[in-house]
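Here's the structure, in structure tokens; my notes come after.
The values are calculated or read from the model by the stated rules, or taken from the named source; none is laboratory data. Just so it is clear, the model here is predicted, and its values are computed rather than measured. Cβ: placed from backbone, ideal geometry, glycine included. Neighbour counts: every protein chain shown.
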Amino acid sequence: MNDTLVVCEIFRSIQGESTRAGLPCVFIRLTGCNLSCTWCDSEYARTEGTPMHIEKIIDTVERYDGTLVEITGGEPLAQERTIDLIRQCISRGKTVLLETNGSYSIKDLPAECIGIIDVKCPSSGETDSFLKENIGHLRPYDELKFVIGSRADFDWACTFIKTNSLEKQGERIFSPVAGAVRPETLAAWILETNIPVRMQLQLHKIIWGDKRGV
């Protein structure tokens, strides 16, 4: 049985997004993505990578202190053995976050894994990519992330939440596209509409700027 995944990078940093923002975290960035978002900040992960056995990935992760692990990409669910990697991390006592673009089914995510599902807004160029069946697979502790690049994106995201009755579904996070929407502008829109979401900035970029491996 093939127990190999193509890995772009593994590093330890401060979690910059999600409800775990600010916590030390080990990131496993897998290679490959089926989408091409206009504002993608990890384009290099589409092609850069090295095949690694799952056991070698786990050994690398365990060299770092801490229990929080995020598996990201690219698009991690594009690789068949990602679920096995999640299970192995959980079996080693890790708290696992899985960040996915929402175009692959999340129904097989282990119960202990926290899903962070990125719902693509119009400015991404990938609005139609979201797999609608995933709404039915959401657990109360999963998180939905909307990256907002314009007022049109904001209004679209609000409509998506209301149309799918997601006002009380887990965490709903709105994050501005750097350079496209000012943080104070997004904050004003949220306050104006009273949409029940959590606003978030990319903490790692505030600390270290726009570079990889942080």
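In the range 136-165, the residues that are farther than 15 Å from Ile116 by Cβ form Cβ pairs under 9 Å with partners that are part of a loop (DSSP other than H, G, I, E, B) and acidic (Asp, Glu), at six or more places apart or across chains, as follows: Ile161/Glu167. When Asn101 is tested against (1) modelled with pLDDT of 95 or more; (2) surrounded by fewer than 17 Cβ atoms within 10 Å (Cβ to Cβ); (3) among the polar types (S, T, N, Q); (4) under 25 Å from Gly209 (Cβ atoms), only condition (2) is not met. The single condition among (1) of a type in the set (A, V, I, L, M, F, W, C); (2) closer than 20 Å to Asn34 by Cα; (3) in a loop (DSSP other than H, G, I, E, B) that Ala111 does not satisfy is (2). If the condition is being of a type in the set (Ser, Thr, Tyr) and surrounded by fewer than 22 Cβ atoms within 10 Å (Cβ to Cβ), then the range 20-46 contributes Ser36, Thr38, Ser42, Tyr44. Inside the range 1-53, residues that are in a loop (DSSP other than H, G, I, E, B) and closer than 26 Å to Leu144 by Cβ make up a count of 21. The number of residues in the range 63-79 that are over 13 Å from Ile116 (Cβ atoms) and free of Cβ contacts under 8 Å to residues at least 40 places away in the same chain comes to 2. Trp189 falls short on exactly one of the conditions (1) assigned to a helix (DSSP H, G or I); (2) more than 18 Å from the chain's Cα centre (by Cα); (3) of a type outside the set (Gly, Ala, Ser); (4) surrounded by fewer than 17 Cβ atoms within 10 Å (Cβ to Cβ), and that condition is (4). Taking each residue of the range 95-120 that is among the acidic types (Asp, Glu) and looking for partners that are outside any loop (DSSP other than H, G, I, E, B) with beta-carbon atoms closer than 6 Å, six or more apart or interchain, yields Glu99/Thr72; Glu99/Ile116; Asp108/Ile83; Glu112/Ile90; Asp118/Lys145.
Annotation: of all residues in the range 115-168 being under 16 Å from the mean Cα position of the chain (by Cα), small (Gly, Ala, Ser) and outside any strand (DSSP E or B), the one that is farthest from Tyr104 (Cα to Cα) is Ser124. Mind checking which residues of the range 9-19 are touching a Ser or Thr at 6+ places or on another chain (Cβ under 8 Å) and either buried (at least 22 other Cβ atoms within 10 Å of the Cβ) or modelled with pLDDT under 95 (or both)? Within the range 9-19, Glu17 is the sole residue that qualifies.
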